[in-house]
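Heads up, the thing below is written out as structure tokens.
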Amino acid sequence: MKIKRDSIKDISVKKHSEKTPIFFSFEYLQENQAKKKDGKFLHDFILRLKKLSELGWDGINKSDKHSFGIEQISLNEFSIKNQVPILTDDVKKLTVFRATGDNRIFAGIRDGEVFHIILIEYTFGDIYHPHQQM
């Protein structure tokens with residue numbers, strides 16, 4: 001049986017939505033000094049990543065910084081103990097999200113659709129020191 005070219009239909013993949021997707025990378029995640037790993041915090045953090053993924057970059061950019069939005073914070077206000085290859089000399093600020101509903105944060109760098117998570121604040125003050133030069 002021969003198939004005629006006219007009978008082949010174009011199949012197009014329909015996008016889930018028109019939002020710009022966000023992908024999270026943990027490649028540059030720094031170990032911190034948290035002595036207690038909080039299971040509830042990690043659960044809430046994963047749910048936060050899911051919600052941010054659902055919003056996409058467009059929704060994130062429309063959201064308030066204390067909700068699902070972002071803000072830029074000077075690199076000097078963070079405790080970064082190890083060399084991070086993605087933090088080149090021209091990087092002066094990190095992009096910050098709220099990790100959970102209680103204002104603990106996670107910080108990193110956006111590269112296109114990818115957000116490279118560098119720091120996660122398990123306990124208030126373990127990675128971020130506002131208005132303090134490190």
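Each value in this text was obtained by applying a stated rule to the coordinates, not by laboratory testing. These figures come from a predicted structure and were not determined experimentally. When we count neighbours, we look across all protein chains shown, and the Cβ atoms used for this are built from the backbone with ideal geometry, even at glycine.
Odds and ends about this structure:
- Once Rg and the Kirkwood radius are both taken over the C-alpha atoms of region 18-120, their ratio Rg/Rh works out to 0.94.
- Qualifying aspartates and glutamates (Cα of each under 17 Å from Cα of Lys93; at least 8 residues distant if same chain): Glu71, Glu77, Asp111, Glu121
- Top positive-direction residue, dipole computed over region 18-120 with Cβ charges, set Leu87, Phe115, His43: His43
- Per-q log10 I(q)/I(0), region 62-129, q = 0.17, 0.19, 0.23, 0.29 Å⁻¹ (Debye; single scatterer per alpha-carbon; no solvent): -0.58, -0.73, -1.07, -1.54
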